[in-house]
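The values are calculated or read from the model by the stated rules, or taken from the named source; none is laboratory data. Owing to the predicted nature of the structure, the values given are computational and were not obtained by experimental measurement. Virtual Cβ from ideal backbone geometry, glycine too; neighbours counted across all protein chains shown. Surface areas here come from the heavy atoms of the whole protein model, side chains and all, with no ligands, DNA or RNA. Shrake-Rupley method; radii C 1.70, N 1.55, O 1.52, S 1.80 Å.
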Amino acid sequence: MQPLYIPLSQHKFTYGTQRLWPLVSAATSQALDRALIAQGYTSPLLMQYAADALWQYLQRLASVRQAQAPALLVLTGAGHNAGDGYLCAALAYQAGWPVQIISLVAPEKLQGEPQKSYQQAQALGIPIHLWPQVLSLELQQAHGQGDLYVLDALLGTGAQAPIQASWCDAIAYINQMSAYILAVDVPSGLDASTSALLGNECVRAQATLSLISVKAGLVTGQAPTYVGELALAPLVPAHALATAYTSLSFAQQADLLLAAGVWQQAPKARLAHAHKGHYGRVLIVGGDLGYGGAILLATQAALRAGAGWVRVLTRAEHMAPILTRTPEAMVLNADPQRLAQEIDQADVILLGPGLGQTAWGRALYQAAVQTWQQDSTKTWVLDADALNLYAQSPHQPLLPKTCVLTPHFGEGARLLNTSVAQIQADPYRAVQTIATQTQAFVVLKGAGSLIYHPQLARPWVCPWGNPGMASAGMGDTLAGLIAGLLAPPTKCTLSIQVQGQAIAYAVAIHALAADLAVKTWGETSMLAQDLIPEIAKLMQVKSPSQWDALWR
Ligand SMILES: NC(=O)C1=CN([C@@H]2O[C@H](COP(=O)(O)OP(=O)(O)OC[C@H]3O[C@@H](n4cnc5c(N)ncnc54)[C@H](O)[C@@H]3O)[C@@H](O)[C@H]2O)[C@@H](O)CC1
């Protein structure tokens, strides 16, 4: 049987020659449903296709896990999401799995398709309990043996905040089970558009099968904790979906970067007669006392990204350690007077790794601002305390014409003078607001990093990376990588689109390097420096087969 879903969390994942995948809001997803219904894919048909895909996913999972006597518990609410759940329960029951359903909504309150699906499950004789009834002995036994699968069909794209206490209790109840949770379309409690949490509890699924389209709220911010493995069940043929997309009058929300296209963005083969001037000059400024490692990592990443030369302005105390580890770099004692002259010689200036906020760092920041105000033709990357100092300025200076800001959520909150919670409530809005206010490229770093510039149609989302990246030096490495990849002088004169692709490539390679490194070091022990050799490996990939070989 043809697979009814496409796994999106795999690194080997490719989809034709596409480089991007559309991410949609809940509203767009509902409009897509309507457009498909208008093509003759009626609501009951789509619901049955959804149930078929969910059931196939569960069966394959049980087979991979060599599950003994698998049992299914389905939690349902009132909407179409629940309808998918009832129909999937019916398929599992007919195949001989022990199945029980816990509904949070009294049957007499159900309407339309969800009501019909409920009646179908009921007619088969599947036990349906109204929350908070306890599980029957049979399922409890299966649960004890660890073969219990839970289908979360409580809330889908129609979910609204807040989640009431009794629903939170039900969510907490399934989260504490030692069962495998598959979420239908969206983990209940997560906003499908923004990745915000709608209440105090959210289903923590091992996997989510997104239906018809991938929702933007599943891939960024806090979402990866709740979504688990992500897969898409398109439900309808590609041509029907393409017609549905073109009939929409409003744009999709974001684009997901895809592995299929990432390697195609790698720097081209070098000219046979090349000299280092062809590959650009990067100046890195930072590394106050106590922060020598930050500037070292940025330097190594910029060099591995292929920059022709890298000069470093830092504290005198850090010169010898950096040179010992990276003799290819030119390392100089930083003083604000020297800065203008060094900037003049560079194509790209990275300001911020380990810059700190003492008088030393502030003086360098001020000198840098004066320089770019006089000559805004250079490409700048502002990271770490350069962002904080910019955010603190009472009169924020106009940024250079080509500028990349790389805030994490905390720095993003300072740039917008708001809280981290507000950024988490809608990272898409945050990245677009920062970029619009500054007219710069913004890389909002975190799980599912976002990349945006006001002249791009939509933010791009990087789907790779792992929680081991929540460690010191990761941001410095990324900043160095971006600076190195933007360094070739030709890049600076190219369009926003092409510069954006170089930045997206840097973000992707950084996350993918972490996904390679984690295979050796594990999430707990992986260090930022472990990414450097993996970055070099990834940048050598020139074909899909080389790409696949990396992930074997
Ligand atoms: N329309 C269609 O034809 C299709 C819909 N599909 C499924 O349908 C879902 C969307 O269906 P709906 O629009 O019915 O949305 P939902 O299934 O998310 O349910 C909305 C219902 O939940 C209630 N609700 C919202 N927030 C709540 C909260 N915080 N606490 C308690 N109850 C709450 C609403 O009052 C409404 O009754 C998708 O996520 C997908 O799973 C799929 O079957 C594909 C086809």
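Couple of notes before you dig in:
- Filtered residues of region 453-471 (kept if in contact (Cβ under 8 Å) with a residue 40 or more places away in the chain and of a type in the set (Gly, Ala, Ser)): 457, 465, 468, 471
- Yes/no for residue 119 being more than 9 Å from the ligand (Cβ to nearest atom) and either closer than 19 Å to residue 211 by Cα or at pLDDT 95 or above (or both): yes
- Hits in region 326-346 - residues which are closer than 25 Å to residue 275 by Cβ and open to solvent by 20 Å² or more (accessible area, probe 1.4 Å): 327, 328, 330, 332, 341, 344, 345
- Of everything listed in (1) under 21 Å from residue 391 (Cβ atoms); (2) open to solvent by 10 Å² or more (accessible area, probe 1.4 Å); (3) in contact with a Leu (Cβ under 6 Å, 6 or more places away or on another chain), the single unmet condition for residue 412 is (2).
- Tally of residues being buried (at least 20 other Cβ atoms within 10 Å of the Cβ) and within 16 Å of the ligand (Cβ to nearest atom) across region 242-266: 2
Yes or no, residue by residue, for (1) in a helix (DSSP H, G or I); (2) at pLDDT below 95:
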{"site": "195", "(1), (2)": "no, no"}
{"site": "200", "(1), (2)": "no, no"}
{"site": "203", "(1), (2)": "no, no"}
{"site": "209", "(1), (2)": "no, no"}
{"site": "221", "(1), (2)": "no, no"}
{"site": "225", "(1), (2)": "yes, no"}
{"site": "239", "(1), (2)": "yes, yes"}
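- For region 51-76, a residue qualifies if it is more than 14 Å from the ligand (Cβ to nearest atom), within 17 Å of residue 233 (Cα to Cα) and open to solvent by 20 Å² or more (accessible area, probe 1.4 Å), and the qualifying residues are 59, 60, 61.
- Residue ID - nearest to the ligand (Cβ to nearest atom), chosen from residues in region 77-101 that are without any contact (Cβ under 8 Å) to a residue 40 or more places away in the chain and among the aromatic types (Phe, Trp, Tyr): 93
- Any hit, region 153-170, residues being more than 6 Å from the ligand (Cβ to nearest atom), assigned by TED's automatic domain parsing to the domain that holds residue 110, hydroxyl-bearing (Ser, Thr, Tyr) and in contact with a helix residue (DSSP H, G or I) (Cβ under 8 Å, 6 or more places away or on another chain): no
- Listed by first and then second residue, the pairs linking a residue in region 103-120 that is under 16 Å from residue 51 (Cβ atoms) to a residue that is part of a helix (DSSP H, G or I) and open to solvent by 50 Å² or more (accessible area, probe 1.4 Å), with Cβ atoms under 8 Å apart and 6 or more places separating them unless they lie on different chains, are 113/44; 113/80; 114/80; 116/44.
- The lone exception for residue 418 - which of (1) of a type outside the set (D, E, K, R); (2) free of Cβ contacts under 8 Å to residues at least 24 places away in the same chain; (3) buried (at least 18 other Cβ atoms within 10 Å of the Cβ); (4) not in a helix (DSSP H, G or I) it fails: (3)
- Of the numbered criteria (1) open to solvent by 40 Å² or more (accessible area, probe 1.4 Å); (2) more than 25 Å from the chain's Cα centre (by Cα); (3) away from the ligand (no atom under 15 Å from the Cβ), the one residue 177 fails is (1).
- Of residues in region 465-514 being part of a helix (DSSP H, G or I) and among the hydroxyl-bearing types (Ser, Thr, Tyr), the one surrounded by the fewest Cβ atoms within 10 Å (Cβ to Cβ): 490
- Tabulated pairs, region 429-452, first surrounded by 24 or more Cβ atoms within 10 Å (Cβ to Cβ), second of a type in the set (Lys, Arg), C-beta under 9 angstrom, 6+ apart or interchain: 452/458
- Identity of the residue in region 30-50, under 27 Å from the mean Cα position of the chain (by Cα) and farther than 16 Å from residue 243 by Cβ, that ends up farthest from the ligand (Cβ to nearest atom): 30
- Subset tally (residues that are surrounded by 14 or more Cβ atoms within 10 Å (Cβ to Cβ) and part of a helix (DSSP H, G or I)) for region 534-552: 10
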